[in-house]
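The values are calculated or read from the model by the stated rules, or taken from the named source; none is laboratory data. Since this is a predicted model, take the numbers as computed values, not measurements. Note: ideal-geometry Cβ built from the backbone for every residue, glycine included; neighbour counts use all protein chains shown.
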Amino acid sequence: MNAESLAIPDVKLLTPARFHDARGFFSETWNAARFAAVGVPGPFIQDNHALSRGLGVVRGLHLQIGPNAQGKLVRVVRGAIWDVAVDVRRGSPTYGQSVGVELSAENGAQIWVPVGFLHGYCTLTEEAEVIYKVTAPYDKAAERGVIWNDPDLAVAWPIAAGDEILSDKDKLLPPLSAITESWFHV
C-alpha cells in the first residue's frame, strides 16, 4: 500500500495495491493493522454508500461533532470525484485550510479524513459511487456544515460557479466565518 501525507497533517492519501490478471484485479481496501501502521486508526463501525448522478454534484461540506464525531475513509467504486477535507479543529495551525484529491474507480486511491475536518466532494463523471467507512454512527443532532463555496476557504473546486448540483439543505449552509463556539456543542 502506498500512503502519502497531504498538506495538512493527519489527512492521508492511501492507494492499496492491486493485483491484476486477465480477469481484472484484486485489492485489499481495508486491513486494520496495515492502515493503523500508516496513521488510519479506525475502528470503523459503519459503511456508507452514495450514488451521485450528474456532473458537478456537490455533497458537503459536512462533519459531525461531539461523541459521534466521525473519521472517514473514502473511496470511489465507479466514476470519479474531487474529494475535499477542511481543517476546523479549534486551535489547529491549519484551521480553515483545505486539501483536495481526485479519487476514482480507476486510480483506487482512498482519503483518510480525521475527526475535526469538514468533508465534501464533487463528481467529475456523470455518475459516481462513493463508499466510505466511518468511526461513529450517524447522529442528526451532531450534524454540522459549511457552504461548499465559502470564499474564505478558497477550496479549489473543479467546477465553475453555477454548474454545481446541490441538495436544498447544502444550499443553506453558513460560511465558516458565521461559526460560533456554540456550533461545536451537541
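Say whether the condition of being at pLDDT 95 or above and of a type in the set (Ser, Thr, Tyr) is met by at least one residue in the stretch 73-93.
Checking the stretch 73-93: not a single residue is at pLDDT 95 or above and of a type in the set (Ser, Thr, Tyr).
Within the stretch 26-52, how many residues are in a strand (DSSP E or B) and modelled with pLDDT of 90 or more? Talk me through it step by step, then tell me what you get.
Step one: of the stretch 26-52, the residues in a strand (DSSP E or B) are 26-27, 46-52.
Filter once more, so that each one left must be modelled with pLDDT of 90 or more: 26, 46-52.
Residues flagged as in a strand (DSSP E or B) and modelled with pLDDT of 90 or more within the stretch 26-52 amount to 8.
Restricting to the stretch 138-155, and then to whatever is among the acidic types (Asp, Glu) and in contact with a strand residue (DSSP E or B) (Cβ under 9 Å, 6 or more places away or on another chain), can you tell me which residue is farthest from Ile165 (Cα to Cα)? Reasoning before the result, please.
Taking the stretch 138-155 and keeping what is among the acidic types (Asp, Glu), we get 139, 143, 150, 152.
Narrowing the set further to residues that are in contact with a strand residue (DSSP E or B) (Cβ under 9 Å, 6 or more places away or on another chain) leaves 139, 143, 150.
Working: Asp139: 25, Glu143: 21, Asp150: 16 Å.
Going through the qualifying residues, I end up with Asp139.
Given the criteria out of contact with any Leu (no Cβ under 9 Å at 6 or more places or on another chain), under 30 Å from Asp168 (Cα atoms), free of Cβ contacts under 8 Å to residues at least 60 places away in the same chain and among the small types (Gly, Ala, Ser), does Ala105 qualify?
yes
Exactly one condition in (1) surrounded by fewer than 19 Cβ atoms within 10 Å (Cβ to Cβ); (2) among the small types (Gly, Ala, Ser); (3) at positive phi; (4) touching a residue at least 24 places away in the same chain (Cβ under 8 Å) is false for Ala50; which is it?
(3)
Hey, could you check the stretch 130-150 for residues that are among the β-branched types (Val, Ile, Thr) and within 21 Å of Thr180 (Cβ to Cβ) and say which is surrounded by the fewest Cβ atoms within 10 Å (Cβ to Cβ)? Before you say what the answer is, go through the steps one by one.
In the first step, residues of the stretch 130-150 are kept if they are among the β-branched types (Val, Ile, Thr); the result is 130-131, 134-135, 146-147.
Checking which are within 21 Å of Thr180 (Cβ to Cβ) leaves us with 146-147.
Numbers: Val146: 27, Ile147: 18.
My answer is Ile147.
Which number in (1) in contact with a strand residue (DSSP E or B) (Cβ under 7 Å, 6 or more places away or on another chain); (2) in contact (Cβ under 8 Å) with a residue 60 or more places away in the chain; (3) β-branched (Val, Ile, Thr); (4) more than 24 Å from Gly162 (Cα to Cα) marks the one condition that Thr135 misses?
The single condition Thr135 does not satisfy is (1).
If you go through the stretch 60-71, how many residues are at pLDDT 95 or above, surrounded by 20 or more Cβ atoms within 10 Å (Cβ to Cβ), assigned to a strand (DSSP E or B) and not aliphatic (A, V, I, L, M)?
Residues in the stretch 60-71 being at pLDDT 95 or above, surrounded by 20 or more Cβ atoms within 10 Å (Cβ to Cβ), assigned to a strand (DSSP E or B) and not aliphatic (A, V, I, L, M): 1 in total.
Among (1) surrounded by 11 or more Cβ atoms within 10 Å (Cβ to Cβ); (2) within 15 Å of Leu61 (Cβ to Cβ); (3) not hydroxyl-bearing (Ser, Thr, Tyr), there is one condition Leu172 misses while meeting the rest; what is its number?
Here Leu172 clears every test but (1).
Is one or more of the residues making up the stretch 60-75 closer than 22 Å to Lys171 by Cα, touching a Ser or Thr at 6+ places or on another chain (Cβ under 8 Å), touching a residue at least 24 places away in the same chain (Cβ under 8 Å) and charged (D, E, K, R)?
Looking for residues that are closer than 22 Å to Lys171 by Cα, touching a Ser or Thr at 6+ places or on another chain (Cβ under 8 Å), touching a residue at least 24 places away in the same chain (Cβ under 8 Å) and charged (D, E, K, R), one finds none in the stretch 60-75, hence no.
All but one of (1) more than 17 Å from Gly54 (Cβ to Cβ); (2) aromatic (Phe, Trp, Tyr); (3) modelled with pLDDT of 95 or more hold for Phe184; state the number of the condition that does not hold.
(3) is the only condition that Phe184 fails.
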